[in-house]
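Student: This is the structure, below, for whatever I ask next.
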Amino acid sequence: MFTYKLFVNAARKNALTLRITYRRQKAELSLGFCVSEDELAGILSGEPSAKNRQLASLVAIWLGKIEEIKFDLLKSGQAVDGPKAIMDLVQAEFFGREPRQERVDDRLLFARYFTSFAESKTNGRTKSIYLATMSRMVAYDPDLAEKRFEDITIRWLTDFDDFLMMTSPSQNARNIHFRNIRAVINAAIDDELTSHYPFRRFKIRPTPTKKRSLSVETIQRIFGAEECLEAWEMKYLDFFKLSFMLIGINVVDMCGLSEIVDGRIDYIRAKTHKPYSVKVEPEAMSIIERHRGQKGLLDFAENYTNYRHFYQNLCVGLRSIRDKMGLKELTSYWARHSWATIAASLDIPKDTIAHALGHGGNTVTDIYIDFDQRKVDEANRRVLDWVLYGRR
C-alpha cells in the first residue's frame, strides 16, 4: 500500500507539502502553508509553537483522513492506478473537491495565467513582486490552482485582505498584492479570456505616505557631521549628500550611472523607465571625484554582487549616522523628500518641483510643451545655496 510524508519544500519557499509514494512513483501536493523545518518538527511531535497551534490541529485532521483512506483501500481491495489517483482521493477528503471530469482550458485558470504573466516580466525585481503575491494567494487559498477568473470575487478579495492583515497590518503593503491581481485581470480582459472584473466594487484605497522630510537645519547638521563619524560611515554620508545634490536620485539609479556628458548625468529612471537629466553642480562633482568607479561613474556598489547588497549596508551606515546625531529616522528616501520640501519652502513652482523629481509629463498638454530644463537646474542651485551657504 502507499506511504506518505509531510515535508518542507525549500524549492517552493518552504511550502508545507504532502508526498504520496506508491509503487516507487510519487505525487506531491502543496498544502497552502509555509513553515520551517523546526516548526514542522514541533507540529509533528505534538509541541507546536503558539502561532502554529491551529495548523497543528489541521495537520492532525489531515493525517487522520489519510489513514482512513489507506484503511478503506486495504479493506476494499480497490485497485488504484498510481499515486496521482490516491492524491485525488486525498484532495477530495482534505478540501471537499472531487476530481474534475473535464479539463478546463489552462488559459482560463487564474493562477496559471497569473504565473505566466509574472514570468513574462523582464525586470527581475518586478517578477519577484508578482511571484510574492502568488505565494501569499496560495497560502490563503489551497485551491487556487483550480480557480477560474470568475472565482476571484469581491468576497474572495475581501477575505484575502483579512488573511494578509494577520501578517501585514500596513494597508499600503497589502495594496501591492491587490494592484498585482488587478493588473493580471486587466491583462486577461485585454486578451479576451474573461470579462469578469471584481475591482469595480473592490477599491484599492492607499493610506497617506509618511512624510520623510528633514528641515534645512537638520540637513545642514548632517552635511557637517564629518568630525563625529568614523571612516567607514563617511562613504554612506557621501552617498546621502550626493543623492540630495542630484535631486534625490535613488540607489539603483545612482549605482547605475555611467558617465557625465556636458556637465550632466542622463539616465533612464528604473522605477518609471523615463529619461532623466540632472546638471552636476561643483559640490556634487567633488563627491563624485572621491568615489570614481572603475566600471561605472561611481564605486559605491562595485564591490558588491548587485546594488541591493550595497543598499543593505547603506541602511546600516545611515542608521549609525542617525543614532550618533540623535535623529528619529534617516534613510536614503529622506534625501529626495527633503529636497522637494525645501524647494517648496523657497516658493519654487510646483510644476518645476514635479519635473525635477521626474513626475508629470503624461498629460496632453505635456506632450506639446517641451519643459525648460533650465528651470530645474536653477531650482536645484537655489536649494543647494540655501542648504550649503544659507543663501535664499
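The values are calculated or read from the model by the stated rules, or taken from the named source; none is laboratory data. As the structure is a prediction and not an experimental result, all values here were calculated from the model. With ideal geometry, Cβ positions are generated from the backbone for all residues, glycine too; neighbour counts draw on all protein chains shown. For accessibility, only protein heavy atoms count, side chains too; no ligands or nucleic acids. Shrake-Rupley method; radii C 1.70, N 1.55, O 1.52, S 1.80 Å.
Student: In nm, to one decimal, how far is the modelled label at Thr3 from the one at Lys350, with both set 7 Å along Cα→Cβ?
Tutor: If labels sit at Thr3 and Lys350, their model points lie 7.0 nm apart.
Student: Helix by helix, which DSSP H runs in the chain go 27 Å or more along their axis at the Cα atoms and have an average Kyte-Doolittle hydropathy of -1.0 or more?
Tutor: Those that clear 27 Å and a mean of -1.0 are 53-76, 171-190.
Student: Rounded, prolate or oblate: which one fits the stretch 195-250, using the alpha carbon gyration tensor with axes a ≥ b ≥ c (rounded when a/c is under 1.5, else prolate when a/b beats b/c, else oblate)?
Tutor: Prolate, since a/c reaches 1.5 and a/b exceeds b/c.
Student: Roughly how many nanometres apart are two label points built 7 Å out from the Cα toward the Cβ at Tyr197 and Ser215?
Tutor: About 4.9 nm, to one decimal.
Student: Skip the ligands, DNA and RNA, and give the accessible area per residue of the chain with a 1.4 Å probe, whole Å².
Tutor: Averaged over the residues of the chain, the accessible area is 57 Å².
Student: Sequence-distant or interchain residues sharing an amide H contact under 5 Å with Cys34, placed H: which?
Tutor: Under 5 Å from the amide H of Cys34: Leu16.
Student: Find the relative contact order for the chain and round it to a whole percent, using C-alpha pairs within less than 8 Å whose residues are 6+ positions apart.
Tutor: After rounding, I find 10 percent.
Student: Could you tell me the relative contact order of the stretch 1-83? Use alpha-carbon pairs under 8 Å, at least six residues apart, and round to a whole percent. Don't skip to the answer; put the middle values down first.
Tutor: Working: 98 pairs, mean separation 20.7, N = 83.
Relative CO of the stretch 1-83 lands at 25 percent.
Student: Here's something else I'd like to know. Using modelled amide H (1.01 Å from N, peptide plane; none on Pro or chain starts), what sits under 5 Å from the amide H of Arg148, excluding residues fewer than 5 places away?
Tutor: Placed amide hydrogens put Phe110 under 5 Å from Arg148.
Student: In percent, what relative contact order does the stretch 242-385 have, based on Cα pairs under 8 Å that are 6 or more apart in sequence?
Tutor: About 26 percent, as a whole number.
Student: Rounded, prolate or oblate, given the Cα gyration tensor of the stretch 1-143, with a/c below 1.5 counting as rounded?
Tutor: Note, shape of the stretch 1-143 comes out oblate.
Student: Then there's this: With each pseudo-label sitting 7 Å past Cα toward Cβ, what's the Phe71-Gln54 distance in nm, one decimal?
Tutor: 2.9
Student: Of Leu298, Leu388, which has the most accessible area and how do the rest follow, probe 1.4 Å?
Tutor: The most accessible residue leads, giving Leu388, Leu298.
Student: Still on this structure: At 222 nm, what helix-only mean residue ellipticity would the chain give, in deg cm²/dmol to the nearest 500, using -39500 (n - 2.57) for each DSSP H run of four or more?
Tutor: Value at 222 nm, helices only: -16000 deg cm²/dmol.
Student: Rounded to the nearest Å, what's the spacing between the alpha carbon centres of the stretch 57-93 and the stretch 181-256? Just the number, please.
Tutor: The stretch 57-93 and the stretch 181-256 have Cα centres separated by 51 Å.
Student: Cα gyration tensor of the stretch 254-359, axes a ≥ b ≥ c as square roots of the eigenvalues: rounded (a/c below 1.5), prolate (a/b > b/c) or oblate?
Tutor: Judged from the Cα gyration tensor, the stretch 254-359 comes out oblate (a/c at least 1.5, b/c at or above a/b).
Student: For the chain, give the percent of accessible area contributed by carbon and sulfur heavy atoms, probe 1.4 Å, rounded to a whole number.
Tutor: Looking at the chain in its full context, I get 50 percent from C and S.
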